[in-house]
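Structure first, commentary second.
Values in this text are rule-based calculations from the coordinates and carry no lab data. Quick caveat, the model's predicted, so the values are computed rather than measured. Cβ placement follows ideal geometry from the backbone for every residue including glycine, while neighbour counts extend to all protein chains displayed.
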Amino acid sequence: MALQVNGAGFSLLRWRRGGALRTRAVASESVATTREEVEKVKLGGSDLKVTKLGIGAWSWGDTTYWNDFQWDDRKLKAAKAAFDTSIDGGITFFDTAEVYGAGVMGAVNSETLLGRFIKERQQKEAVEVAVATKFAALPWRLGRGSVLSALKDSLSRLGVSSVELYQLHWPGIWGNKGYIDGLGDAVEQGLVKAVGVSNYSERRLRDAYNQLKKRGIPLASNQVNYSLIYRIPEENGVKATCDELGITLIAYSPIAQGALTGKYTPENPPTGHRGRIYTPEFLKKLQPLVTRIEEVGQNYRKTPTQVVLNWLIAQDNVVPIPGAKNAEQATQFAGALGWRLTEQEIEELRALASEINPVIGFPVEKL
């Protein structure tokens, strides 16, 4: 996707298919203007406030799913630029995980990269970043102690003494009550400001919420796959439960791994693992929706990416975390903030999207 942007809310001029830190956000009138705060929201019932849109760091250092299965200095510099551009644009919420990158999924651990980027930025100016990371519920990890042990390893890689949000990456085969106890222990020991879960069903979400509530600790968030074309959280009770209990829904894959950006067509599908999900046949069915997204975006001088992210933000109690691999993507994501689709546009896009069968989600959502 080729872009030209100006500082006016990162408005679109031309497009075609194809530890702790604080910061101030880039103002909208010109690149040279002073910064002002991007609006923040509280995560659930916790005291933690984050920007209304965050950045996912799954791809940073990964060679298993992203980056054409290789990692080099050019991609490292691009990831660093994505981080700095996000900070410049006022986006200060970053989500990573212990299984992103080296040791499990790539060349260098995503947590290590994020910690490095934060430190380098700190050396230039006083900034504050809200860091979220995750515990992997691997079968051999048992009890609450495993959560604290993994968290301390994550803190070491990040180079910080605490993180803003610590999440269970997925429900475990066993030991889930112990994992929840571990989250509570992490809060009480001052290692985290807030705790959440990820890929939790309605039943598991309620259980985790009630278990933490007994200790006076709020369950801040549930991070799940949610986009205009993957609205399972609306259908399986997860979104309604989050709204009922005051738990923020953090939406990963909010642009459907690029399928909703207009970049891919039946003649130009994504490569690698994504090509097996977003096939030419699927992309052909997707075209009427993408075309309408483009038309809506033109009315606001926004890209399809910015439209679909704004659609999620407009659902309320939702914080999308698109993954940024470079500065151009980070700039686009910032342009999803500061405006809002009309209710008619929101429902029209939902209706069009409902005609498309959703792609397969993360299997653990059904555990």
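In terms of surrounding Cβ atoms within a 10 Å radius of their Cβ, 110, 154, 227 rank from fewest to most as 154, 227, 110.
DSSP finds beta bridges in the chain, and of those with both partners inside it, around 25 percent are antiparallel. Could you give the Stokes-Einstein D for region 227-308 in µm² per second, using the C-alpha Kirkwood radius, 25 °C, 0.890 mPa s? After rounding, the answer is 176 µm²/s. The calculated FRET efficiency for residue 351 paired with residue 173, based on their beta-carbon distance and R0 = 35 Å, is about 0.35. Just the C-alpha atoms of the chain: what Rg/Rh do they give, with Rh taken as the Kirkwood radius? Value, to two decimals: 0.94. Checking the Cα-Cα distances for 42/213; 77/119; 152/213; 177/325; 193/213 against a 27 Å cut-off, the pairs over it are 177/325. Our coupling estimate for region 233-244, obtained by passing each phi through the Karplus curve with A = 6.51, B = -1.76, C = 1.60 and θ = phi - 60°, is x, 6, 9, 9, x, 5, 4, 5, 5, 4, 5, 5 Hz, Gly and Pro reported as x.
Can you give the Rg to Rh ratio of region 267-367, both from alpha-carbon atoms, with Rh computed by the Kirkwood formula? Result for region 267-367 is an Rg/Rh of 0.96. Measuring between their Cα centroids, region 245-284 and region 107-162 lie 27 Å from each other. Candidates 57, 115, 83 compared by Cα position along the dipole of region 2-366: farthest toward the positive end lies 115, with charges placed on Cβ. Close amide H pairs (under 5 Å, H built 1.01 Å from N) link residue 102 with 107, 108, 109, 110, residues at least 5 positions away or on another chain.
Rounded to the nearest whole Hz, the Karplus-based 3J(HN,Hα) values (6.51 cos²θ - 1.76 cosθ + 1.60, θ = phi - 60°) of region 110-125 follow the sequence 4, 4, 4, 5, 4, x, 5, 4, 5, 4, 5, 5, 4, 5, 9, 7, with x at glycine and proline. The simple Förster model, with R0 at 35 Å and r as the Cβ-Cβ distance, assigns residue 123 and residue 47 a FRET efficiency of 0.80. The residue among 139, 92, 127 whose Cα reaches farthest toward the positive pole of the charge dipole of region 53-193, with charges on the beta-carbon of Lys, Arg, Asp and Glu, is 139.
Projection of the Cα convex hull of region 47-125, averaged over all directions and equal to a quarter of that hull's surface, yields 5.7 nm². The Cα center of region 296-344 and the Cα center of region 50-87 differ in position by 19 Å. Computed from backbone phi, the HN-Hα couplings of region 52-60 come to 5, 9, x, 10, x, 10, 4, 6, 5 Hz, rounded to whole numbers (Karplus: 6.51 cos²θ - 1.76 cosθ + 1.60, θ = phi - 60°; Gly and Pro given as x).
Taking every DSSP helix (H) stretch of at least 4 residues in the chain, weighting each as -39,500 (n - 2.57) and dividing the sum by the residue count yields a mean residue ellipticity at 222 nm of -11500 deg cm²/dmol.
List the residues whose amide H sits under 5 Å from the amide H of residue 302, counting only those 5 or more places along or on another chain, with H placed 1.01 Å from N in the peptide plane. Residues meeting the amide H criterion: 12.
Taking the Cα centre of region 2-366 as reference, the dipole from Cβ charges on Lys and Arg (+1) and Asp and Glu (-1) amounts to some 480 debye. For labels at residue 236 and residue 40 in the simple 7 Å Cα→Cβ model, what's the distance in nm? In this crude label model, residue 236 to residue 40 measures out at 3.2 nm. In plain terms, the residue of 152, 134, 214, 40 with the fewest other Cβ atoms within 10 Å comes first and the most crowded comes last, giving 214, 152, 40, 134. Here r is the Cβ-Cβ distance between residue 284 and residue 68 and R0 is 41 Å; the resulting FRET efficiency, rounded to 0.05, is 0.95. Between the amide H of residue 226 and those of 252, distances stay under 5 Å, these residues lying 5 or more places away or on another chain, with hydrogens modeled in the peptide plane.
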